[in-house]
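One structure is given here, and the rest of the page talks about it.
The values are calculated or read from the model by the stated rules, or taken from the named source; none is laboratory data. Since the model is a prediction, treat every value here as computed from it, not as a measurement. Don't worry about glycine lacking a Cβ; one is built from the backbone with ideal geometry, like all the others, and counts go over all protein chains shown. When the accessible area is computed, the model is the full protein with side chains, heavy atoms only, and any ligands, DNA or RNA have been set aside. Shrake-Rupley method; radii C 1.70, N 1.55, O 1.52, S 1.80 Å.
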Amino acid sequence: MNFSVINERLPIEKLLHPIAEENQVDLRILRLDKTHPKISGNKWFKLKHNLMQANKEGFTSLLTFGGAYSNHIYAVAAAANLFGFRSIGLIRGEAQQSLNPTLQFAQEQGMQLRYVDRTSYRAKDTPEFLERLRDEFGHFYFIPEGGTNTQAIRGSQEIAAHIPESFDYYCLPVGTGGTMAGLITGLQNRGQVVGFSALKGSFLAGEVNRLLEYCGAKHHHNWFVQNNYHFGGYAKVKPELMQFIKTMEDEFDLLLDPVYTGKMLYGMLDMIHKGEIKKGSKVLAIHTGGLQGRVGFGL
């Protein structure tokens, strides 16, 4: 089975933003959102080797978890349909009378949706819970919520191959840490990797460190997680963030989502403005896709 579906050359575009220009920063964007119309951004890189492994081991079904507006659920449903897998999505929360656009799409792609109350959902990674799911759904290949596992990190390392030149800073949004860990190892100590946390709290640095250690790459120290631009936490927004996203669309023809890429680009420009990203630097922002999530915010 051929698992090469993404564009061979993903564009790197220059962003002529006034803040970057004033600080003599060469700012560019790697457009991972252009990987594939349905399996967008970093999700393809995280899924690719999981799909290959599932196929190699003879699985015909994929099972995963996610929220009602999850980019991961959206991408898994599309990938399963494209490559002929059955897909099962365990959705956090109660069933709704009418499906939102994300779940409607997933269902149209053939994903079987099952809702899990929030208390039970917390036990989703335990062997006992997974065993009960196997009794219910049969033999399946398990992909964790957000898609982060060893195969996902392996796939995320390949993002570096789409960056033909070196930068001083590589900036990307962070949710589970898998894409960031893969990028760090793929870059092999080139530049400084800055991950912008989409979640409230300061635990993601520990999670990235754990993933690097698990992959035998703890010797990479050219990275840090920026925790100051979460705007209240996961999927939380504030008026200034929404206005920023609208401005980027209207003035620069650049679509961002409020959960990940909007926060990352807002934070990165603020760091440039404050001098926390050095004047005269060469900076690459990595657009990780997730644009389907804009609908849930009225964009």
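Descriptive notes on the structure:
- Fraction of antiparallel bridges per DSSP, the chain only, in percent to nearest 5: 10
- Listed residue (62, 166, 89) projecting farthest to the positive dipole end of the chain, Cβ model: 62
- Each principal axis of the Cα atoms in region 109-232 has its own extent, and those three values, largest first, are 50, 32, 30 angstrom.
- Taking Cα atoms only, the orientation of helix 71-83 departs from the longest principal axis of the chain by about 60 degrees.
- Exposed GluC sites (Glu not before Pro) absent - longest run of the chain, DSSP non-H/G/I/E/B, at most 15 other C-beta within 10 Å: 166-275
- At q = 0.13, 0.16, 0.24, 0.25 Å⁻¹ the log10 of I(q)/I(0) for region 148-198 amounts to -0.26, -0.40, -0.87, -0.94, computed by Debye summation with a single uniform scatterer per C-alpha, solvent ignored.
- Kirkwood hydrodynamic radius of the chain, Cα pairs, Å: 19.6
- If R0 is 41 Å, the Cβ-Cβ spacing of residue 134 and residue 189 corresponds to a FRET efficiency of close to 0.50.
- Calculated P(r) of region 1-143 - Cα pairs past 28 Å, %: 30
- Distance between modelled label sites at residue 251 and residue 276, nm, 7 Å Cα→Cβ extension: 2.1
- The residues neighbouring residue 93, those whose beta-carbon lies less than 9 Å from its own, together hold a net charge of 0 under the Lys/Arg +1, Asp/Glu -1 convention.
- Region 240-285 gives an Rg/Rh value of 0.99, both radii derived from C-alpha positions and Rh following Kirkwood.
- Of 200/238; 124/218; 200/263; 200/236; 14/282; 236/282, those spanning more than 21 Å from alpha-carbon to alpha-carbon: 124/218; 236/282
- Rounded to whole numbers, the Karplus 3J(HN,Hα) couplings from phi for region 186-202 are x, 6, 6, 6, 7, x, 10, 9, 10, x, 9, 5, 8, 10, 6, x, 10 Hz, using 6.51 cos²θ - 1.76 cosθ + 1.60 with θ = phi - 60°, and x at Gly and Pro.
- Principal-axis analysis of the Cα atoms of the chain puts helix 261-274 at an angle of about 20° to the longest axis.
- Extension gain, residue 243 back to residue 9 (0.36 nm per residue minus Cα-Cα distance, nm): 81.1 nm
- Rounded to the nearest 20 debye, the dipole size of region 225-299 about its Cα centre is 300 debye, using +1 on the Cβ of Lys and Arg and -1 on the Cβ of Asp and Glu.
- What the pair-distance distribution of region 4-87 shows, using all Cα-Cα distances binned every 10 Å from zero, is 16, 38, 24, 15, 7, 1 percent.
- Inter-probe distance in nm under a simple model that places probes 7 Å from Cα toward Cβ, at residue 104 and residue 203: 3.4
- Taking 17 Å as the straight-line reach from the Cα of residue 48, the lysines in range (excluding those fewer than 8 positions away in the same chain) are 34, 38, 56.
- Per-residue [θ]222 nm for the chain (sum of -39500 (n - 2.57) over DSSP H runs n ≥ 4, rounded to 500): -11000 deg cm²/dmol
- For the chain, with all protein chains in place and a probe radius of 1.4 Å, 47% of the accessible heavy-atom surface sits on carbon or sulfur.
- Positive-end residue, region 148-292 charge dipole about Cα centroid, Cβ charges, pick of 175, 221, 259: 221
- For the pair residue 235 and residue 57 in one chain, pulling the backbone fully straight at 0.36 nm per residue adds 60.5 nm over the alpha carbon distance.
- Here region 180-276 is described by how far its Cα atoms reach on the three principal axes: 43, 25, 24 Å, from widest to narrowest.
- Efficiency of FRET from Cβ geometry, residue 221 and residue 24, R₀ 22 Å, rounded to 0.05: 0.20
- Gyration tensor over alpha-carbon atoms, region 55-100, equivalent ellipsoid semi-axes in Å: 23, 10, 9
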